[in-house]
Each structure stands twice: as structure tokens, then as C-alpha cells.
Amino acid sequence: MKTIIISKVVETSRVKKSAQPINALIVVDVQNCFINGNLSLSKSPAGQDGAEVIPIINNLIRTIPFDVIVYTQDWHPWNHISFFENLHFRRQYLAGDQNQTIKMFDKVTYLGPKYKMEQVLWPTHCIQETEDAALHKDLDVISSSSRVIHIRKGIDPDIDSYSAFADNYGVRKTELHDKLKERNVTQVFIAGLATDYCVTSTALDAFDLNYITYVVKDASRGVTLSTIKSQLKKLKQHGVHIITTNNSSKYKKTSSDEIFV
């Protein structure tokens, strides 16, 4: 059993000093679209089953007294830039040969209409107000209260958003950082879908905003084995802690601010 000693947070202009750690669990995109929908992880190169994270996350929610729980959702308009099916709307903005053959999951460079950016072209997924975009029915979703935050991202049709804090180029911020600061959160535990995209991006932003940041590896699933490996390495190098629940019944916060994993 690995023991992680949580250090006190040093006061900065970004995260308010707290005498004792204030913990938030960020549940990233545990939605139908990534479990049994148009972008099901089980059909991705890694072949991982997104549904496997649900009982693990539920156990964390039920057994650990997190001060704050955050649920995030991809929440795209029908004409979103990330959809391969919408490529024909934006071919005129492609860098290079606009008639080039492009396949689903290719990465392209757009020169507009608003921003220059690289974009992976995904299947249509998580369209606003559809069942595909809903949180999975088996996920424990705590009733609304001051300790629960819901964040929807990827709303701008012209820029993608993997992180729960901001879009991929930092143009548009979500309310998450402000809401965590209001609750004096000092450290975050991140789990969900997908490890190599939205989980990683959320963790990197959290660390850069001066939260002590943990990614719960066994409560996350990803798209491609190679990118899962490289992104976990990147997170470690950045200063993010990669942890596992092992037996989640042993994973608890103690009065001495130790977290046992």
C-alpha cells in the first residue's frame, strides 16, 4: 500500500492558502458518447471500456469525504469544429491542399474562421441536449448542493475544449477555477474519460493554476495506448501525481492529512 503525504498549500495569488487541504474530485466526461455512443472508447485503438471507470468512481464518491465534486461534460453544438462530418463546412480554411484526402481521426490545421489551430477530427459526439451527451445513468451524480459543480465545455463551435478549465488555446475559460476558488479548494483528484485527452488537459491546467493535482489512473480510460503512456509521462514530468486506488476501501483522508492509496 502506497502512502502519499499531502503537503500544505503555499499561498499564491491563484489559490487561496488553506490551513488544511480542501479536496475536490473532478469526474471528467463520464458520458454516454464515450461509453456506448458515437465515440465509444471500446472502439478506439486502445480498446478500453469506458464503463469500467463507473464503479471505481462511484466507490470514491461513496467512501471518501471529498469537499467538492465536479462533473464535466463535452457539450458540443451540431456544427462543432471537431466533427469529421463537418469538415466540408471548413475546407476553405484548411492549411495546404484544400482537396487533400482526410480521414476520421486525422489531425488537420485550420487557418480560420476565427483561429489558427490544429484539430483532431472526431466522429460527431456529445451534441447538446441529446442522450449521447448525458452523464451515464450508472454514475453516482450527487444532488445539487454547494459542494457540487457542473461544467460543460466545448460549446464554441469554432474551437475544441479538452480541459475542464479552458478551451484548447486558452481563448475561453470555464467557470471551474472561479468556483473552486470560491470553495477554497487546494487539491484536485481527476478521473474519467479520456486519459490521454480531457483527463490530461484538465490535470495540466489544474497544476498550472497551482492546485496540488492527482490523476487517478485506474479510474480513467483512454483512446490510444501510445498516447496514454506518453501523456502520463508528460503529467509526471509536469509535477502531477499519478495514483491508483488499488483497493478503494483503503483510500481515505485521515485526520493527519494522509491519503492512503
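Structure above, values below:
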quantity	calculated
First in the range 134-149 and closer than 18 Å to Asn36 by Cβ and not assigned by TED's automatic domain parsing to the domain that holds Arg183, second anywhere and polar (S, T, N, Q) and not in a strand (DSSP E or B), Cβ under 6 Å, 6 or more apart	none
Test: Glu182 is in the same structural domain as Gln20 (by TED's automatic domain parsing), surrounded by fewer than 21 Cβ atoms within 10 Å (Cβ to Cβ), within 19 Å of His76 (Cα to Cα) and modelled with pLDDT of 95 or more	no
Selected residue (criterion: surrounded by the most Cβ atoms within 10 Å (Cβ to Cβ)) from residues of the range 60-72 that are assigned to a helix (DSSP H, G or I) and in contact with a strand residue (DSSP E or B) (Cβ under 9 Å, 6 or more places away or on another chain)	Leu60
Tally of residues being farther than 21 Å from Cys126 by Cβ, among the aliphatic types (A, V, I, L, M) and not in a helix (DSSP H, G or I) across the range 152-206	2
Condition broken by Thr12, with the remaining ones in (1) modelled with pLDDT of 95 or more; (2) assigned by TED's automatic domain parsing to the domain that holds Ser145 satisfied	(1)
The range 94-118: number of residues that are over 21 Å from Tyr162 (Cβ atoms) and either among the hydroxyl-bearing types (Ser, Thr, Tyr) or assigned to a strand (DSSP E or B) (or both)	2
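Residues are listed down the side, and each one gets a yes or a no for (1) assigned by TED's automatic domain parsing to the domain that holds Phe105; (2) of a type in the set (D, E, K, R); (3) buried (at least 17 other Cβ atoms within 10 Å of the Cβ); (4) in contact (Cβ under 8 Å) with a residue 24 or more places away in the chain:
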position	(1), (2), (3), (4)
Tyr169	no, no, no, yes
Arg172	no, yes, no, no
Leu176	no, no, yes, yes
Gln187	no, no, yes, yes
Val223	no, no, yes, yes
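The values are calculated or read from the model by the stated rules, or taken from the named source; none is laboratory data. Every value quoted in this text rests on a predicted model; they were computed, and no experiment measured them. So basically every Cβ, Gly included, is an ideal-geometry build from the backbone, and we count neighbours across all protein chains shown.
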